[in-house]
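Written out below as structure tokens is the structure these notes cover.
Computed from the coordinates by the stated procedures, all read-outs in this text should not be read as laboratory data. Please read these numbers as outputs of a predicted model, since none were measured by experiment. Virtual Cβ from ideal backbone geometry, glycine too; neighbours counted across all protein chains shown.
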Amino acid sequence: MRERFIAIDYFVFTAMLLFCAAIGIFYAIRGVHKSHNDYVMAGRNLSCWPVSLSLTASFMSAVTVLGTPAEIYRFGLSFGLFAITYIFMVVISAEVFLPVYYRLGITSTYEYLELRYNRYMRLLGTVMFMTLTTLYTGIVIYSPSLALNQVTGFQLWGSVISTGIVCTFYCALGGLKAVVWTDVFQFVLMISGFIAVIARTVVIRGGFGPIIEDARRGGRLSMWDFNPNPLQRHTVWTVVIGGTFTWLGIYGVNQSQVQRYLACKTQLHAKMALYLNLVGLWITLSSAAMSGLSMYSIYKNCDPWTAKYVLAPDQLIPYFVLEILGDFPGVPGLFVAGTYSGTLSTVSSSINALAAVTVEDLIKPYFTVSESKLSWISMGMNLFFGAICLSMAAIASVMGALLQAALSIFGIIGGPLLGIFSMGVLLPFANAKGAFSGLLCGFFTVLWVGIGSQKYPPRPNRTFPLPLSTEGCPRPNFTMVTQVATTMLPPRPAIQEYWYSLSYLYFSALGTLTTMIVGSVVSVVTGGLKQEVDPRLLFHKEDFMEYFMNSKTKCVSVVL
């Protein structure tokens with residue numbers, strides 16, 4: 001097994017970065033700085049195909065590329081139930097939220113909060129988004145770099161700094177068009193890395209049949225657990241219901257995703273972008289799941305993690321790549337390029353969205369600035385937030401165990417924000433007092449659970465990790481690792497055993513429902529039933545599938 005990267009691997013990685021930078025230069029030459037609308041929203045003239053792939057690539061991060069195969073390897077295919085979750089998430093985003101945003105012609109998602117409630121709610125939503133996105137982006141840059149460095153020797157700070165600089169460079173030069181088209185290229189690279197892993201394993205194992213049989217014997221194919229217990233980590237209900245709320249917080253209200261489909265040339269193109277993105281999500285999930293099963297087929301008798309060959313689960317897939325593809329010069333570099341493509345797509349989306357909300361929510365409402373100057377201000381904001389995210393990567397390097405807590409907090413904020421948007425779109429009586437009260441209650445409730453779950457993690461009988469063996473290792477530290485018998489576990493206080501053991505996938509649902517319930521009660525008590533709301537700000541039953549059904553012939557022409 002090759003233990004370190006060689007020159008050709010670094011060449012492939014560098015070529016990927018240079019190509020992304022070239023896309024930014026190309027769109028700068030094409031003149032995207034002529035107006036603020038061209039720079040931030042691509043002139044609202046994008047077609048559905050590149051936007052669909054951009055949505056998929058932005059959805060993935062290097063954490064996903066490294067983490068999903070490891071999830072399948074350790075816990076089995078229950079994670080694959082997200083294929084159902086994605087359907088609900090895309091349909092609700094396309095048929096409930098998108099029509100409202102589109103007829104308002106907004107650029108910043110949080111502009112809706114001012115139109116529906118007041119300016120203070122808009123500022124609150126903007127500040128929450130900016131703070132947590134900046135923190136999360138820094139972590140997304142640093143975490144995969146650390147994992148790859150510890151396994152492959154890939155330069156840690158060299159990769160962090162080069163990734164941050166190149167990402168900031170093409171975001172600042174090329175605006176949203178550059179971000180979207182680099183996402184398309186990065187999506188292809190990510191899938192290519194997965195395909196290389198799967199194809200090589202198929203050759204080693206002599207076909208797909210032995211891989212699937214190994215997974216069956218190891219219990220990795222079990223996925224239909226209908227246990228309604230909300231404390232179980234992954235069941236049909238936690239993944240489908242909880243996962244829908246979790247990802248709606250991204251696709252339905254998060255600026256990083258919404259900005260892309262609002263940049264489409266028509267509402268039909270925007271809807272088609274979301275539905276085509278669904279296919280991209282299925283392809284990504286299938287590729288990652290098959291990579292996890294491939295890894296288990298090779299390591300079923302010698303788990304590198306419990307044998308201490310790697311220090312954390314997110315190091316499993318790069319270790320696996322070096323072992324099975326190390327004899328093919330440049331191929332490990334291709335996988336790392338695909339992994340960092342996940343980082344670039346997520347970071348570029350975040351930087352671009354942060355710049356957009358800064359200009360739309362913090363500059364335009366308070367200062368009179370020409371369109372041409374706004375585009376240059378947006379460019380400066382891209383540079384500024386790129387530097388901030390790199391700084392956050394440096395902070396993340398000394399946070400240690402708080403990394404996962406920070407990621408959880410970022411996920412926690414999506415639920416309450418989804419709650420106030422859902423109130424605004426679905427409930428005509430919702431008012432600003434109700435939205436503010438609900439947001440605070442929802443946020444602090446889920447924050448309480450999230451911090452508690454980090455301090456008192458759920459026990460193995462809640463997470464169901466599958467057995468891993470080291471009996472076939474040439475240098476084993478353990479002979480066998482099995483699940484801990486639940487009867488031997490010491491008792492814990494009820495709040496730790498139940499409240500803090502809530503499945504992490506229900507965090508967003510808890511935040512959304514708490515926000516909506518509290519917000520609805522406060523709105524009714526404070527006179528919400530007497531207010532008049534602009535109908536454009538509300539969802540109407542005619543919005544659901546109506547535009548799509550009335551455009552069947554147009555839809556065919558869009559796809560073709």
- Note on the structure: Note, segment 122-138: 3J(HN,Hα) by Karplus (6.51, -1.76, 1.60, θ = phi - 60°), whole Hz, Gly/Pro = x, goes 5, 5, 4, x, 5, 5, 4, 4, 5, 4, 6, 5, 4, 4, 4, 5, x
- What whole number of Å gives the distance from the Cα centroid of segment 4-65 to the Cα centroid of segment 427-444? 37 Å
- Note on the structure: Rounded to the nearest 10 degrees, the helix 62-75 long axis (Cα) sits at an angle to the longest Cα principal axis of the chain of 50 degrees
- In deg cm²/dmol, rounded to the nearest 500, the helical mean residue ellipticity at 222 nm of the chain, built from -39500 (n - 2.57) for every DSSP H run of length 4 or more, is -22000 deg cm²/dmol
- Ratio of Rg to Rh for segment 1-112, alpha carbon only, Kirkwood? 1.07
- Note on the structure: By the C-alpha gyration tensor axes a ≥ b ≥ c (rounded if a/c is under 1.5, else prolate when a/b exceeds b/c, else oblate), the shape of segment 253-402 is prolate
- How are the C-alpha pair distances of the chain spread across 20 Å bins, as whole percents from the shortest bin up? 21, 56, 22, 1
- Query: Taking the Cα atoms only, what angle lies between the long axis of helix 267-299 and the longest principal axis of the chain, rounded to 10 degrees?
  - Reply: 10 degrees
- Assigning unit charges at the beta carbon (Lys, Arg +1; Asp, Glu -1) and nothing else, what dipole magnitude in debye, to the nearest 20, does the chain show about its Cα centre? 220 debye
- Task: Could you list, in their original order, any pairs among LYS265/LYS541; LYS373/LYS433; LYS34/LYS271; LYS265/LYS373; LYS373/LYS530; LYS177/LYS364 whose Cα atoms are separated by more than 32 Å?
- Result: LYS373/LYS433; LYS373/LYS530
- Message: Please list, ordered by chain and number, the residues whose modelled amide H lies under 5 Å from the amide H of LEU468; skip anything fewer than 5 residues away on the same chain.
- Response: VAL481
- In degrees rounded to 10, the 0-90 angle between helix 331-357 Cα long axis and the longest Cα principal axis of the chain is 20 degrees
- Item | Cβ crowding within 10 Å averaged over residues, with 134-141, 219-226 ranked highest first | 134-141, 219-226
- Per-residue ³J(HN,Hα) for segment 11-27, Karplus 6.51 cos²θ - 1.76 cosθ + 1.60, θ = phi - 60°, Hz, x for Gly and Pro: 5, 4, 4, 5, 4, 4, 5, 5, 5, 4, 4, 5, 5, x, 5, 4, 6
